[in-house]
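Worksheet for the structure shown next.
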Amino acid sequence: MMFKHKEHRVPGLNTTSTADISFMLLIFFLVTTNMDIDKGLQRQLSPTGKNEMQESFVEKGTTMQLVINADNQLLLDGKPFPVNRLRAEVENFVQRVGKRHLITVKVDPESNYDTYFGMQSELMAAYRVLRDRTALRLYGRDYAALSQTQRDKVKDECPQRIAEQYNGKGGAE
C-alpha cells in the first residue's frame, strides 16, 4: 500500500492592512515629532509708522558705538575697527563696565548684509563667552547645562544690552 503525501502549501500573508498601518505610523510620528527649532538672531524690529523719540540717560563711558557705513566698514566709537577683533573688544568692554554697559548699533541701509551679520555673530559670540564665564563662576557649569532658573540668574548678572538705531533715510551720520 502506498501512502499518498499531502501537498503542503505555505499560506500567503494578508497584506491588505499594511498600507493602513503605514499611514497610521506616519501620522503618529508627524504628530509626536518636535520640529520647532529656532535658530538665528533675536532682534526686535522697529515699529512701523512714525518713530517716536524716547529720551534716555546713559552715563559717559558706558556706551560702545558700532557703526557700519555705506562702504561696509565697521566703526567702533568713530574709528575703523576690524570685525574679527570685535569679540575680544566687546568682552573687555562688558567686563570693565559691568551691567551698566550699552552697545549701540547703527547700520547704513546701503551696507552689505554680510558685514552686518558678521558683526552680529561676533557680538553674540562675545555674550556667549561672557555668560559661560558667569555660569562657571556662579554654578561651576557651562551656560547651556544650566536650568532655566539658573540661566535667568546668569542673564541678570550678564545682560545683553544692544540698542539698534533705525533710520529710514540712511545711515551713519
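What does the convex hull of the Cα atoms of segment 58-127 come to per residue, in Å³, rounded to a whole number? Please list the in-between numbers first.
On the way: hull volume 5.6 nm³, N = 70.
Per-residue hull volume (Cα only) is 80 Å³.
How much FRET efficiency would the formula 1/(1 + (r/R0)^6) give for Ala88 and Phe28, where r is the Cβ-Cβ distance and R0 is 41 Å, rounded to 0.05?
Calculated value: 0.25.
Can you tell me the length gained on complete extension of the stretch Gln73 to Arg133, counting 0.36 nm per residue apart and subtracting the Cα distance?
Details: separation 60, 0.36 × 60 = 21.60 nm, distance 3.04 nm.
Going from the current span to full extension adds 18.6 nm.
Step by step: find N for segment 90-134, compute 2.2 N^0.38 Å, then divide the Cα radius of gyration by it. What's the final number?
Working: Rg = 12.3 Å, N = 45, 2.2 N^0.38 = 9.3 Å.
Dividing the Cα radius of gyration by 2.2 N^0.38 Å gives 1.31.
Shape verdict for segment 82-173, please, from the Cα gyration tensor: rounded (a/c under 1.5), prolate (a/b greater than b/c) or oblate. Mind dumping the intermediate values first?
Working: a/c = 2.38, a/b = 2.20, b/c = 1.08.
Prolate, because a/c is 1.5 or more and a/b exceeds b/c.
Pop out the carbon and sulfur fraction of the accessible area of segment 66-173 as a percent, whole number, probe 1.4 Å.
Details: 2850 of 6200 Å².
Within segment 66-173, the accessible surface is 46 percent carbon and sulfur.
Per residue, what accessible area does segment 120-170 have, given a 1.4 Å probe and all protein chains present, in Å²? Working shown, then result.
Numbers: 3000 Å² over 51 residues.
I get 59 Å² per residue for segment 120-170.
The values are calculated or read from the model by the stated rules, or taken from the named source; none is laboratory data. Just so it is clear, the structure is predicted and the values come from calculations on it, not from any experiment. Glycine gets a Cβ as well: all are built from the backbone with ideal geometry, and neighbour counts include every protein chain shown. Note: areas computed on protein heavy atoms with side chains; ligands, DNA, RNA excluded. Shrake-Rupley method; radii C 1.70, N 1.55, O 1.52, S 1.80 Å.
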